[in-house]
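Single-structure report; data block below.
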Amino acid sequence: MLQQAVADLAAPFPETAVNSVERALRTVRSHLDMDVGFVSEFVGDQRFMRHVDAKGASPITAGQAIPLEDGYCKKIIDGLLPQLIPDTSKLPEAMAIPETRSLPIGSHLSVPLRLSNGRVYGTFCCFSFSPNATLNGRDLGILKVFADLVAYQIEADVERTRGRMEKTKRIQAALQSLQPAIVYQPWYRLADMQIAGAESLARFRVEPQRSPDVWFAEAGEVGLQVELELAAIRRAVAGYGPVWQRGAYKLSVNSSPRTIVEHDLAREFAGLPAGHVVLEITEHAHVSNYGALLQALKPLRAMGVKIAVDDAGSGYASMRHILNVAPDIIKLDVSMTRNIDTDRMRRALASALIEFSRQTACRIVAEGVETSGEMDTLRQLGVHKAQGYFLSHPLPLPEFLALL
């Protein structure tokens, strides 16, 4: 058991850091046959019991705060008490501590948990209610080995927590700076090369300079994905008013299935010409519950919003979306449109999707068109609309209005 616990801590461990620490604590306490083991963290003038493991009832509990000056931990760190005390009754300094009698503590082992920068995080301790004359330097050595491994796990967890806090602050700062900004990339009807609408795209004008997909992925990591997506949707809709005043132009906005399920998008689109709104489902990951997604799409479809599946042809997830959602629009991914005029494999796959769209009464929009050859081939295949740098770059609203 002892060797297995060492291996589990030293290797990448599938459990969380918390479970790893608790497992190590239980292993050491059992191996040394001690009554209570705990990991404490020093915070200001307090020590917090972060993890506690006991043979039976424990006089201390996880989460408990104890003044740092009380007890053994700080005195051991300061060198006022030895790390190994087989019998507290034989050490006057230990007997002078009230906890020795109140808990009681008959034997005690404790070593500091020291992080790589030298900072003492807290202590790794075990004690028994009775003296234990068999405790020796080898037992203390085992405790030190596990303390080093636990400190490594704790430091990794601290770094993850710090990284999460930094990401959260970054996303919140972007939202407070009224990000993301919105640009509009026109959709062109290939039949007459007239503008039919535009896809709204997010751009971040704050530091660090990164692509939008990185910003949204980071927001997802810290639980702010829905909030960031809603900010983009609201700004896209708010900016598009002057476009709708000029005609029946489509506005395409992007949303992950999570945002669709967790937020009432029908409320966001209330009062808009919903028949000219397209909601693009953008998530590339597996959707575990299409029932919830379809239920959330019902009121949107009832008010006239068209549903599109983005990035068709880029992977398995988009094909699952198409089969389960039955979209009004399928958007061919740039990986399929790129060089479609010279690549028969891409042309064959696009043709299959276009034939599928005919049989299911949905429309095809091609993304990423960059050459006249690609555009001509897509038109010949029966693609209805297209967007891409050959037709127009994404434009700020004033430039898009000028283009209209």
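The values are calculated or read from the model by the stated rules, or taken from the named source; none is laboratory data. Computed from a predicted model, the values in this text were never measured in an experiment. Cβ placement follows ideal geometry from the backbone for every residue including glycine, while neighbour counts extend to all protein chains displayed.
Step by step: first the residues of the range 104-137, then only those that are hydrophobic (A, V, I, L, M, F, W, C), touching a Ser or Thr at 6+ places or on another chain (Cβ under 9 Å) and not in a strand (DSSP E or B), then the one that is nearest to A54 (Cα to Cα). Which residue is that? Walk me through it before giving the result.
To start, the set of residues in the range 104-137 that are hydrophobic (A, V, I, L, M, F, W, C) comprises 105, 109, 111, 113, 115, 120, 124-127, 129, 133, 135.
Subsequent filtering for residues that are touching a Ser or Thr at 6+ places or on another chain (Cβ under 9 Å) retains 105, 111, 113, 124-127, 129, 133, 135.
Adding the requirement that they be not in a strand (DSSP E or B) leaves 105, 129, 133, 135.
Values: I105: 14, F129: 11, A133: 20, L135: 18 Å.
That would be F129.
From the list F356, F390, F400, which residue is surrounded by 21 or more Cβ atoms within 10 Å (Cβ to Cβ), more than 30 Å from the chain's Cα centre (by Cα) and of a type in the set (F, W, Y)?
Numbers: F356 fails: surrounded by 21 or more Cβ atoms within 10 Å (Cβ to Cβ); F390 fails: surrounded by 21 or more Cβ atoms within 10 Å (Cβ to Cβ).
Checking each option against the conditions leaves just F400.
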Looking at the range 78-98, I want the residues that are in contact (Cβ under 8 Å) with a residue 12 or more places away in the chain and have a partner that is part of a helix (DSSP H, G or I) and charged (D, E, K, R) with Cβ atoms under 6 Å, at least 6 apart or on another chain. Which pairs are those?
L81/K75; L81/E93
Among the residues of the range 176-213, write down those that are within 13 Å of L403 (Cβ to Cβ), among the aliphatic types (A, V, I, L, M) and either outside the structural domain of S392 (by TED's automatic domain parsing) or in contact (Cβ under 8 Å) with a residue 12 or more places away in the chain (or both).
V183, I195, A196, A198
What single numbered condition from (1) out of contact with any helix residue (DSSP H, G or I) (no Cβ under 7 Å at 6 or more places or on another chain); (2) among the hydrophobic types (A, V, I, L, M, F, W, C); (3) in contact (Cβ under 8 Å) with a residue 24 or more places away in the chain fails to hold for L228?
(1)
Out of curiosity, is L140 assigned to a strand (DSSP E or B), among the aliphatic types (A, V, I, L, M) and either at pLDDT below 95 or closer than 19 Å to A24 by Cα (or both)?
no
Picked from the range 331-353 (must be more than 16 Å from K385 (Cα to Cα) and in a loop (DSSP other than H, G, I, E, B)), the residue nearest to the chain's Cα centre (by Cα) is N339
Looking at the range 370-404, which of the residues that are among the aliphatic types (A, V, I, L, M) and part of a helix (DSSP H, G or I) is farthest from A196 (Cα to Cα)?
L381
Residue in the range 280-325 that is surrounded by the most Cβ atoms within 10 Å (Cβ to Cβ), counting only those that are in a strand (DSSP E or B), in contact (Cβ under 8 Å) with a residue 40 or more places away in the chain and not charged (D, E, K, R)
A312
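Listed here are the residues, each with its yes/no results for (1) surrounded by fewer than 17 Cβ atoms within 10 Å (Cβ to Cβ); (2) part of a loop (DSSP other than H, G, I, E, B).
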| position | (1), (2) |
| --- | --- |
| A196 | no, no |
| E218 | no, no |
| E227 | yes, no |
| A231 | no, no |
| G247 | yes, yes |
| V278 | no, no |
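Looking at T337, T342, can you tell me which residue is hydroxyl-bearing (S, T, Y), surrounded by fewer than 18 Cβ atoms within 10 Å (Cβ to Cβ), under 20 Å from V383 (Cα atoms) and modelled with pLDDT of 90 or more? Step through it out loud before you land on a result.
Details: T337 fails: surrounded by fewer than 18 Cβ atoms within 10 Å (Cβ to Cβ).
Going through T337, T342 in turn, the sole match is T342.
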Being closer than 23 Å to V253 by Cα and small (G, A, S) is the filter here, so list the residues in the range 355-404 that pass it.
S357, A361, A366, G368, A386, G388, S392, A402
Given (1) closer than 19 Å to Y152 by Cα; (2) crowded, with 19+ Cβ neighbours inside 10 Å; (3) out of contact with any His (no Cβ under 8 Å at 6 or more places or on another chain), index of the condition R26 fails
(2)
What is the residue count in the range 53-80 for residues that are touching a helix residue (DSSP H, G or I) at 6+ places or on another chain (Cβ under 9 Å), crowded, with 21+ Cβ neighbours inside 10 Å and either not aromatic (F, W, Y) or not assigned by TED's automatic domain parsing to the domain that holds L113 (or both)?
2
